[in-house]
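Data block below; observations after.
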Amino acid sequence: MIEIRHDKAVLHLLLHLQQGALTAYFCRRFLDLVEAAQSDESIRAIVVSSVGKQFSSAIDLTEIDDPALLSSLRALTDGISQSGKPVIAAIQDEALGVALEIALACHYRVAGANASLGLPDVKLGLIPAAGGAQRLPRIIGQGPALEMMVGGEPITGRSGLDLGLIDRMVEDSGHCVEAALDLAGVVEISPDRSARDAVARTEGFERLAAESAAKYEGQPAPLACMAAVRNASQLPFAEADAIDKDAFARLFISPQSKALRHIRLAEQTSSVIENAPRDLIPRPIRRVGVIGAGTMGSGIALVFLSAGIEVTLIDMTAEALTRGVAQIGSIVDDRVSRARLKPEEGRRTIALLASTLDFRALADCDLVVEAVYESMDIKKELFTTLDSIVKPGAILASNTSYLDINAIAAVTDRPSDVLGLHFFSPANVMKLVEIVRGAQTGPDVLATAIALAVRIGKQPVIAGVCHGFIGNRMLIPRRQNADALLLEGAPPDQIDRVHTAFGMPMGPFGMTDLAGVDVGWHRDPSKVGSIREALCAEGRLGQKVRAGFYDYDERRRASPSLAAGAIIDRFRATSGIVPRSVTDDEITVRTIYTMINEGLKILDEGIAQRPSDIDVVWVHGYGWPRTTGGPMYWAGTLGLDRIAAGLDRYRDRLGPDFSLSPRLADQRA
């Protein structure tokens, strides 16, 4: 809906839009009002603003292939830019993607200091769809436009003012419309306000473009963005824009864009509870208790603090508690020093934290999250204690990575209030949270956890109860097969290279070195039953000591290790294993295809609600390349028949306990 208001000689178009409500009809209605104003002598200028946070909603990804919508959107932006009367955009909080393209078509832009402005189309494997790829560089210059379009990250209104993207900035976004109306009373359209003239080439642009081309090699959307920005200095607007239109059409049907659009939709749907009652009301969460002040617990506490939620942090010893509080303070101070937080915001964050050794301080918490040692006995004892202390109606959550939530809930008198909140380490950085639904977890408790995850800036995915839930359960066959391949003769760097070539940030052994080779080690050097234990016995504990499966220099850069190789060779000899040559194909099948097989089992068992939820877990929790859409989407594009054939090819090396999922077994019929 577009609400029409008049303020003296200004036509004020107030946009009422929800997410995904940008339709062809809306664009045509918007354009009709702009065109009608041209012949109305009582109107000298047009101000466009919105109700709510967004200046304009984004295109619904399920409707993005509608030719009528894209055509109407382009007609709208062209019509605005060609208006004979000034059009001013009032951006209070957010203008991203299509919203910024509409604002770019306007002759002037007013924004709040902290408004978010960006063209993130590249993250969908696309370039801007409505002329923004030409208007942006013609307004702010080639270099800044290249950075905004290729990186896809938003800038603030304050930065936009410095770049010339914003003409007037207001500190309080609530005064944005007022400032735009004031501006409308005095501005005219000058020739440079059409953003249709070619921009002068920015000094250093070619160097920046070359660096970007190397960084985004193999990604067609960033390369198309670079070409668009370059064309802005060489071609008339209409000619360059026509090239962009063709580029958009080609990118839209590319496998990479389809994969990126899939994962974006998957992120939007992962918080939806299937078959949930429509009247679910999340419980209010005002104070959170966190038990365990170690790296994980302090990280979880910081996540809630950063969202403005009061936290009570508990540990068993004063020393551990002091370290945890200091760690939180150090991270907040670092954010302030990097200007990511204002000093007063940092002080407010720390002021929300209370720390104590007294478990009775948790009595009034609305949610308690435990992040203690991964032991079922310890967790059962802890939840028994919490059940007797924490008020009725409070939610009890475990951060366990593998353990049975149902068994933990069973020791309480409130199993419907118990669930898993599996944060990924470091919790204050990693976006994913697996929300583990127990057999008796209440629907409103699940809804509360999802709403809270969104509130604290996390990506929620619902998982059922099994060993390792979604992500870690799929990691098990990769780890087992990587270890087996190492024993059989494949060196660590070959196994890791297969994964990094696939698009993973690191392979299984690089990840082990990062996490610590000694994670879970029994600490007895005389007991060596695996290669990992052999490395630990020799003090090769990973990156933290600059020696693990790899050697590391002072900047933690890895190189193949002769010492580690000798330890592996000795362990093989002791185990009576004769090394053999291993192909990259075998590594791919045994470490990647086996994960797909496990993911299909997870779906068959109802542990994940939908295949796309598994994609979200692996993209956000384990670095699966986003450009492939996630493991389940990738498997579908590759073909389940090919996955099944590969696993059959190496069946004799997958161990006696291996079995194909029913879906893969069906491919052999």
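What is the gain in length, in nm to one decimal, between A36 and Y402 on full extension, counting 0.36 nm per residue of separation less the C-alpha to C-alpha distance?
125.5 nm
Would you list which lysines come within 29 Å of K258, measuring only between C-alpha atoms, while excluding same-chain residues fewer than 8 positions from it?
K53, K123, K215, K245, K431, K458, K601
Quick check of the Kirkwood formula: for the range 528-648, what is the inverse mean of 1/r over all pairs of different Cα atoms, in Å?
Averaging 1/r across every pair of different Cα atoms and inverting gives 17.2 Å.
What would the Debye equation give as log₁₀ I(q)/I(0) for the range 62-177 at q = 0.18 Å⁻¹, counting only Cα atoms as equal point scatterers?
-0.88
Where does the range 584-661 land on Rg(C-alpha)/(2.2 N^0.38 Å)?
1.07
Calculate one ³J(HN,Hα) per residue across the range 165-171 by plugging θ = phi - 60° into the Karplus curve 6.51 cos²θ - 1.76 cosθ + 1.60, and present them in order as whole Hz with x for glycine and proline.
Result, rounded to whole Hz: 6, 10, 8, 8, 10, 10, 5.
Amide H neighbours of A45 under 5 Å, counting only residues 5+ apart in sequence or on other chains, H built in-plane at 1.01 Å?
Distant-sequence amide H within range of A45: L11.
Which FRET efficiency, nearest 0.05, do E239 and D7 yield, Cβ-Cβ r, R0 51 Å?
That gives a FRET efficiency of 0.85.
Okay, helix-only estimate at 222 nm for the chain: each DSSP H run of n ≥ 4 adds -39500 (n - 2.57), divide by all residues, round to 500 deg cm²/dmol; what do you get?
-14000 deg cm²/dmol
Direction-averaged shadow area of the convex hull around the Cα atoms of the range 334-390, nm²?
With the hull built on Cα positions only, its mean projection is 5.5 nm².
So if each residue of separation counts as 0.36 nm, and I subtract the Cα-Cα distance between R479 and M506, what length gain in nm does that give?
Extending this stretch completely gives an extra 8.4 nm.
Place +1 on the Cβ of every Lys and Arg and -1 on the Cβ of every Asp and Glu in the chain, take the dipole about the Cα centre, and give the residue among T441, A318, V418 whose Cα lies farthest towards its positive end.
Value: A318.
So for the range 233-292, Kirkwood radius off the Cα pairs, Stokes-Einstein at 37 °C and 0.692 mPa s: how many µm² s⁻¹?
The estimated diffusion coefficient comes to 196 µm²/s.
Check V170: other-chain or 5+ apart residues with amide H under 5 Å from its amide H, H built from backbone geometry?
Those qualifying (amide H under 5 Å, at least 5 residues apart or on another chain) are A111, G112, A113.
For the range 287-469, place one equal point scatterer on every Cα, skip the solvent, and apply the Debye formula. What is log10 of I(q)/I(0) at q = 0.10, 0.14, 0.20 Å⁻¹?
For the requested q values the scattering log ratios are -0.35, -0.70, -1.43.
Quick one: 3J(HN,Hα) in Hz for the range 423-438, Karplus 6.51/-1.76/1.60 with θ = phi - 60°, rounded, Gly and Pro as x.
My calculation for the range 423-438 gives 7, 9, 8, x, 4, 7, 10, 5, 8, 6, 9, 7, 9, 9, 8, x Hz in order.
Suppose R0 equals 30 Å. What FRET efficiency, 1/(1 + (r/R0)^6) with r the Cβ-Cβ distance, do E153 and V186 give to the nearest 0.05?
0.35
May I have the extent of the alpha carbons of the range 413-552 along their three principal axes, as whole Å values ordered from largest to smallest?
51, 35, 27
Order 109-115, 373-379 from most to least packed using the mean count of other Cβ atoms within 10 Å.
Going by the mean number of other Cβ atoms within 10 Å, highest first, we get 109-115, 373-379.
Tell me the net charge near T412. Cut-off is 15 Å between Cβ atoms, T412 excluded, with +1 for each Lys or Arg and -1 for each Asp or Glu.
-2
Along its principal axes, what span do the Cα atoms of the range 491-575 show, with the longest given first and each in whole Å?
Answer, in whole Å and largest first: 37, 26, 22 Å.
Give me the net charge of L265's neighbourhood, meaning all other residues with Cβ under 12 Å from the Cβ of L265; Lys, Arg count +1, Asp, Glu -1.
Result for the local shell: -1.
Taking R0 as 60 Å, what FRET efficiency do you get between H522 and L14 from their Cβ-Cβ distance, rounded to the nearest 0.05?
About 0.35, to the nearest 0.05.
What does the convex hull of the Cα atoms come to per residue for the range 240-339, in Å³?
Spread over its residues, the Cα hull of the range 240-339 gives 220 Å³ apiece.
Starting from the alpha-carbon convex hull of the range 2-253, give the projected area averaged over all orientations, in nm².
Directional mean of the projected Cα hull area for the range 2-253 stands at 12.2 nm².
In terms of modelled amide H atoms, which long-range or inter-chain residues lie less than 5 Å from the amide H of S561?
Sorted by chain and number, the residues that satisfy this are D551.
Rounded to the nearest Å, what's the spacing between the alpha carbon centres of the range 396-437 and the range 300-362? Just the number, please.
21 Å
Across the chain, what fraction of all alpha-carbon pairs, as a whole percent, falls in each successive 20 Å bin from zero upward?
16, 43, 34, 7, 0
Among the aspartates and glutamates, which have Cα under 17 Å from the Cα of K8 when same-chain residues fewer than 8 positions away are ignored?
In chain and number order, the partners are D40, E41, E178, D182, E188.
Every number in this text was worked out from the coordinates using simple rules, so none of it is lab data. Predicted model only: the values in this text are computed from it and were never measured. Quick reminder, even Gly has a Cβ in these numbers, built from the backbone with ideal geometry, and neighbours come from all protein chains shown.
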